[in-house]
1. Cα centroid distance between segment 70-124 and segment 10-60, in Å?
2. When the distances between all Cα atoms of segment 1-118 are binned every 5 Å from zero, what whole-number percent does each bin get?
3. Per residue of segment 154-164, in order, report the coupling 6.51 cos²θ - 1.76 cosθ + 1.60 (Karplus, θ = phi - 60°) as ³J(HN,Hα) in whole Hz, putting x for Gly and Pro.
Amino acid sequence: MQHPGYGCLVDGDGMLWSAALGSDLGQLNTNTGEWVARHSHSGFGSNYGIAVSDDYVFLGVNPFIRFNKATEEFDDPSDDNMSVLGIAYGPDGNVVVGDSSAGGVAKYTPDGDLIWESPAQEDTGHVRGVVLDANGDVWAIHVNHDRLSKYRGEDGEPLGVFLSGAGPYTYSDATGLGTRGLGRRTGIGRIIVDGHVREVLGAAGGGTVAAAQVGGTQEEDIPEYVWADSCVSITESPENAESTYRIRAADSLEALEAAPFQVFTPGEPLPDGVEGRYVQIEVEMRANDDDESEVFQGLAVTTDESDCNTVLAQALDGVVDDPDDEEHERTRRGSACSVTGTGAAGPADPTLPLLAVLALLGVILGRRRHRA
């Protein structure tokens, strides 16, 4: 069955919902890639913009209709009469719509109760889309007037009109704030380390970086790295919170970009084929239903001639091996790289679990393992 999709959003369960320039709503499961259904709302008119919450899909129809995910039924919760194209669902749990005829914007509860309505500001009119910013304020998109207008999200107070360039055009969740809070919150951090130079490449989150040349300085002196072991430091691990770790390695940054990630479990041997001078580590943290995630401190990967836990402890303490210190002889015999950070996914910033990447150290000390 054909579905003329025109805009879509993915909810916290991985379900893709597609609006249409018509009277149906498409549903596709991104977890399996399977088409689920085409839901008709012919009794309510044609839709344009789309917004989603955990429980409903909202469509911009006079002023909006909603699809109940549990019952798979449509209803029209508001008695108001407003021509609507753009619609947005906010982190505060309310729905904002734009008047595509007279201009202006309005905010409703999901049950259709009007919270506030504000008329068009000067030199504006037709609203194609509405967008919410991080402060909860509302931006109306005026494609025919080459302008944006702004309203205070709390009460609809007009906050000004701004030139935008020719034909600004969006009608859905342009900032991503509408869907950011859906489902269990997830954050991902990635870092690349040069195992030879101990230099962080593209470290997310800023922070301090330790970089020093260790070993040979000529290209022919660069050893071959075969990464074998891994370990992690987690200070808090709430029930049902999860973390996933991925790794890839290559002898050049170009090859690294093309290499596939492999999932690994810290404390267990790394998968076969993790070899090369450059290592990229990805940490994905997923909060539980109470918005609590694991608190990540540090991660290390080493050759099998290094003691992983010792390397990680040194990285977390900011310690560089003393070649005269016999206590760390095992560490100096191998190669290692580690990433340290702090923080967790949570309400303050659910998209960035690593609030500050403090350091990433490639501890290349003494003798390294060469491939046979």
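Values quoted throughout were computed directly from the atomic coordinates according to the rules given, and no laboratory measurement underlies them. Given the structure is predicted, the values throughout are model-derived calculations rather than measurements.
1. What the calculation gives is 18 Å, centre to centre.
2. 2, 12, 24, 25, 19, 11, 4, 1, 0
3. My calculation for segment 154-164 gives 5, 9, x, 4, x, 10, x, 10, 9, 5, 10 Hz in order.
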